[in-house]
1. Mind listing, in residue-number order, the residues in the stretch A:71-92 that have at least 10 Å² less accessible area with every protein chain present than in their own chain alone (1.4 Å probe)?
2. Among A:R237, B:R185, B:R57, B:R203, what's the order by accessible area (1.4 angstrom probe), most exposed first?
3. For the stretch A:1-25, list whatever residues lose no less than 40 Å² of accessible surface once every protein chain is in place, relative to that chain by itself, with the probe at 1.4 Å.
4. So how far apart, in nm, are the two label points at B:E214 and A:D118 if each is 7 Å from Cα heading toward Cβ?
5. With +1 on each Lys and Arg Cβ and -1 on each Asp and Glu Cβ, how big is the dipole of chain A about its Cα centre, in debye rounded to the nearest 20?
6. List the residues, sorted by chain then number, that are 5 or more residues from B:F98 or on another chain and whose placed amide H is less than 5 Å from its amide H.
7. Tell me which residues come under 5 Å, amide H to amide H, from A:I21 once H is placed; ignore anything under 5 positions away on its chain.
8. Using a simple charge model, +1 on the beta-carbon of Lys and Arg, -1 on the beta-carbon of Asp and Glu, nothing else, what dipole does the stretch A:77-139 show about its Cα centre, in debye to the nearest 20?
Amino acid sequence: MAIDYSLLESMGSYGDARRGIEERFLTPVIGGGRTVAVLSTPLSPATPMGWVICHSFGAEQMSLQPLEVEMARRLSANGFPVLRFHAQGYGDSDGSPSNVTLKSHVRDSLDAAQVLADQTNISTIGLIGGRFGASVAALAADRLTSSALVLWEPMLDGRRYMQSLARLAMGTNVTSDVRFRGSAQDPHEALLENGFIGVHGFPLGLGVFEEVSSFNLLESLSAFAGESLIIQIARSRKPRTDLDQLVARLKELGGSVSLEVVIDPQANTFGQQRYHEEREQADTQATLSEALLSVTTSWCGSRKVWNGQREDRHCK
Amino acid sequence: MPFGDEHLAAILTLPESIPRGLVVLLQGAAATPRSARNQAWTIAARRLAAADIASVRMDYPGVGDSTGVPSFEIKAWNREQALKVTRVALDALQVEKFAVVGQCIGVRTALEVGGRIEGCVGAACILVWPLGPLMEVWSKRRFRDVRRILAQRIPALHRIMRRVMGATRTGQSLRFLPELTQILRSGGHVLFMHGGPEESDRRLRDGAVNLMDEVGSDAGQRLQILPLQAEAPYGTGPLVAQDQAIDAIVAWADKTLPPVPQTAPPPASRPQERQHT
């Protein structure tokens, strides 16, 4: 009896002539362990600029995945090689969720950038992320001194972010996770008492809670001087002081920044589950996602570089 | 793998030795990818591999790395896609025996896969709360329609039925999908993991008793019901429930699949799949 490895290997990639892209599964070593990544490349000659998509934290990684996958495919269709991957502790990686930290996310994103460079002929790398993933992308770009950065509703204040996760835990199953181990009802108390709480089926440990709670993106950026697109996702055009401060900081470092606002009634749900059983599995973020994809694709497309020359056109 | 104009992403986890069989892991809805929430399927797959059992997990259309548009049609939910992935995995591994594991709406898909492909030796059904995925949709909807018509035409009879239904709570009789009966009749094993409230649990157990009466008393040795710690009707609930499910699936699959590898005939001469209308 022999396993038909040739059959399996034949299905490790596929080409989509309609979209003009190819996607290939990779199993690189990232963050010291094996994981799975998908490399999306155009069927036509690729630009020398590639993108790495840095996923978000915990349940947000799952919620934002459809958006990130479609982003990768659209960018590829526009000529860019794009890598998306599972950081250690997520998806098909070797690592354990209990070892996930902000630092591990950044480490793995840096390794992913190297994987992209090794697999393609790119000379410049951009990074993309949403929410927590946006901060990861920014930190990785800062370390890589990469050329471009796209931030969807970035996490600027880690304390506020962690508090919002803790509030989500209160609304889900935190009481069940702690019932058998202690008497705490407040999520933070539960963290102190039990070392973790469950947030939408993902563990939030005390270590990463404290690590991220002390994080401030403005204070953490020190070197990134490339081009960046920051997208504020909101229900109104009311300016946000913290994003204005981020713009100022990036400019101070020598970069150029575009700040766009995507208005959508579902803005407050960005990063949360998009399909709801109570609403017959309606995609509650369809228009929001399309707006993000459109703005991002257009901006990235205007940054394509061929033979050292910027390509001055906007793509769909 | 290609599926019509689209492509399905799947991961096959192989033991280092020749696999004893294959477990097909099918998660629920809400756009859950192939690893399931918190790597539950990934962890289960690796523990199965440690027991010399191969496994396959997939992204449904429009989810994870699969292309296409997500579908949430409860009837035949992603059935054809799951059948394709299972057939490819069985052909590639050249194993004869497999088991299916479904969670929530994935239970329905798992049972349909198990009922349509020869060689299914068991079905594990993880139901956080609602029993709907196990049930024939017909019985629930048809009865509800009858009650509505009675309410309109014969109010007195309807009032009587309400009193009776209210007392016995048989408004939603538990008629299992026929594939469940079929798997048990053919000597297969069934595991239910259920986290619903007491009333729901009672209905499940009553249904299981009826099932054993239908199939034969020896089915009792092959049908197991385990509690699952859940708090809400949807999702995988608390982390402890995930651990429970993984432990139970691995132990059950280890017991259910043959202890030694059993080679399947080459794909061309494989027995015809069972067809269901």
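The values are calculated or read from the model by the stated rules, or taken from the named source; none is laboratory data. Because the structure is a prediction, the values reported are computed rather than measured. Glycine also receives a Cβ, built like all others from the backbone with ideal geometry; neighbour counts cover every protein chain displayed. Side chains included, ligands, DNA and RNA excluded: accessible areas come from the protein's heavy atoms. Shrake-Rupley method; radii C 1.70, N 1.55, O 1.52, S 1.80 Å.
1. Flagged in the stretch A:71-92: A:R73, A:R84, A:H86, A:G91, A:D92.
2. A:R237, B:R185, B:R203, B:R57
3. Listed by number, the residues meeting the 40 Å² cut-off are A:M1, A:I3, A:L8, A:M11, A:Y14, A:R18, A:F25.
4. In this crude spin-label approximation the distance works out to 5.4 nm.
5. 700
6. B:L22, B:C120, B:V121
7. Long-range HN contacts for A:I21: A:D16, A:L43.
8. Result for the stretch A:77-139 is approximately 240 debye, rounded to the nearest 20.
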